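Report on one structure; see the data block that follows.
The values are calculated or read from the model by the stated rules, or taken from the named source; none is laboratory data. Computed from a predicted model, the values in this text were never measured in an experiment. Backbone-built Cβ (ideal geometry, glycine too); neighbour counts: all protein chains shown. Calculation scope for accessible area: heavy atoms of the full protein, side chains included, ligands and nucleic acids excluded. Shrake-Rupley method; radii C 1.70, N 1.55, O 1.52, S 1.80 Å.
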Amino acid sequence: MVLPELPEVETVVRTLRNILLGQKIAGVNIFRPEVVKEPEAKSFSSLLAGREITALRRRGKFILLSLSGDQVLVIHLRMTGRLVISKKEEKHPPHTHVIINLDDGRELRFIDPRRFGRMWLLPAAELPVFPPLAGLGMEPLTEEFTVTRLQEMLQPRRAPVKAVLLNQSLLAGLGNIYADEALHRAGIHPARPACSLTAGEVESLHRAIGDVLKEGIAHRGTTFRDYVDGEGKKGGFQNFLRVYGRAGEPCLTCGTPVAKMKICGRTTSYCPACQPYPAN
DNA sequence: AGTAGGACCTGGTGGC
DNA sequence: TGCCACCAGGTCCTAC
């Protein structure tokens, strides 16, 4: 499985872009209507039919498919959602909730065991005020994400720095894995109040966030167990994780056993030696 | 306003 | 072996 954060969603978008650009939607089958948030399932299907896919992009952890006729299909994979291209004649795997039939005989299948994932279809003109997207914060891999902007984000908040990093309305795309990895690389204890970071630490954290995300993308994301992307390939970044999922194992930097704690309800892995909590 | 915690969900895991 | 409680976590919602 995969926990789709920015690098995983980016990988899915890049993979699907080659296949989907220029394709026409022949029809839609919805097996689990609750997956389609809006409009209601029947309108969703009829509005999609006949449209051409003209662009694919990512915003935070959202996938956006631009369609002819100025419509946009927005998809969020949440925890266990997957988008897979298959031939029509291939049997549907379990938990296939929506199928978008393409005019080349293939299908774009939305598969999601836990059924947290969602999709929306809306006019492109409404995108700027569409709440889930309009509320998103900075894109960490664009030039708007500067050390200064990170500093401005952290400085007024007493919440744990990790909680701030996970807040999508401030920074869009980090999830539990990459937040833990970035904090470890920056040598910052995840429970530190965001406002307590020194200028040097903010700079390290800024660099670490960029590095882990770029490396994640370079390795096609992080894969646990049997996840594959739209082309049936696995990600490889799980082999480079330094703390996430490694509680009790030695820190790869110093050998100290990786520790585990809960922060804002999330399991958090960190190295007590590399990421000390400074006494004050 | 900012923060905390529960709800949503199911597959995998570990304990007995 | 079989059963079951528990855990995983992104986002929304409610409560303080």
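Observations on the model:
- Identity of the residue in the range A:9-68, of a type in the set (D, E, K, R) and assigned to a strand (DSSP E or B), that ends up farthest from DNA strand C (Cβ to nearest atom): A:Lys24
- Of the residues in the range A:86-100, at least one is farther than 18 Å from A:Ala172 by Cβ, more than 16 Å from DNA strand B (Cβ to nearest atom) and at pLDDT 95 or above.
- Any hit, the range A:109-121, residues being in a loop (DSSP other than H, G, I, E, B), open to solvent by 50 Å² or more (accessible area, probe 1.4 Å) and in contact with a helix residue (DSSP H, G or I) (Cβ under 8 Å, 6 or more places away or on another chain): yes
- When A:Pro132 is tested against (1) closer than 22 Å to A:Leu3 by Cβ; (2) not in a helix (DSSP H, G or I), exactly one condition is not met: (2).
- Some residue of the range A:182-198 being under 23 Å from A:Gly236 (Cα atoms), surrounded by 16 or more Cβ atoms within 10 Å (Cβ to Cβ) and in contact with a strand residue (DSSP E or B) (Cβ under 7 Å, 6 or more places away or on another chain): yes
- So A:Lys42, is it open to solvent by 70 Å² or more (accessible area, probe 1.4 Å) and closer than 19 Å to A:Asp104 by Cα: no
For (1) of a type outside the set (A, V, I, L, M); (2) in the same structural domain as A:Glu38 (by TED's automatic domain parsing), each residue gets a yes or a no:
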residue	(1), (2)
A:Leu122	no, yes
A:Leu141	no, no
A:Met153	no, no
A:Arg158	yes, no
A:Gly175	yes, no
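- Within the range A:66-78, restricting attention to residues that are under 24 Å from A:Leu171 (Cβ atoms) and open to solvent by 20 Å² or more (accessible area, probe 1.4 Å), the residue that is modelled with the highest pLDDT is A:His76.
- Top-ranked residue in the range A:128-146 [being in contact with a helix residue (DSSP H, G or I) (Cβ under 8 Å, 6 or more places away or on another chain), free of Cβ contacts under 8 Å to residues at least 60 places away in the same chain and open to solvent by 30 Å² or more (accessible area, probe 1.4 Å); ranked as farthest from A:His76 (Cα to Cα)]: A:Pro128
- Some residue of the range A:46-65 being within 16 Å of DNA strand B (Cβ to nearest atom), open to solvent by 10 Å² or more (accessible area, probe 1.4 Å) and not basic (Lys, Arg): no
- Residue count for the range A:79-92 under the criterion of being more than 18 Å from A:Ile25 (Cα to Cα) and in contact with a strand residue (DSSP E or B) (Cβ under 6 Å, 6 or more places away or on another chain): the result is 1.
- Index of the failed condition, A:Leu127 passing every other in (1) at pLDDT 95 or above; (2) within 16 Å of DNA strand C (Cβ to nearest atom); (3) among the hydrophobic types (A, V, I, L, M, F, W, C): (1)
- Residue in the range A:212-225 that is touching a helix residue (DSSP H, G or I) at 6+ places or on another chain (Cβ under 8 Å), acidic (Asp, Glu), open to solvent by less than 60 Å² (accessible area, probe 1.4 Å) and part of a helix (DSSP H, G or I) present: no
- Annotation: A:Leu150 fulfils all but one of (1) of a type in the set (A, V, I, L, M); (2) away from DNA strand B (no atom under 16 Å from the Cβ); (3) surrounded by 20 or more Cβ atoms within 10 Å (Cβ to Cβ); the unmet one is (2).
- Inspection of the range A:265-275 finds a residue satisfying the criterion of being surrounded by fewer than 15 Cβ atoms within 10 Å (Cβ to Cβ), of a type outside the set (S, T, N, Q) and within 25 Å of the chain's Cα centre (by Cα).
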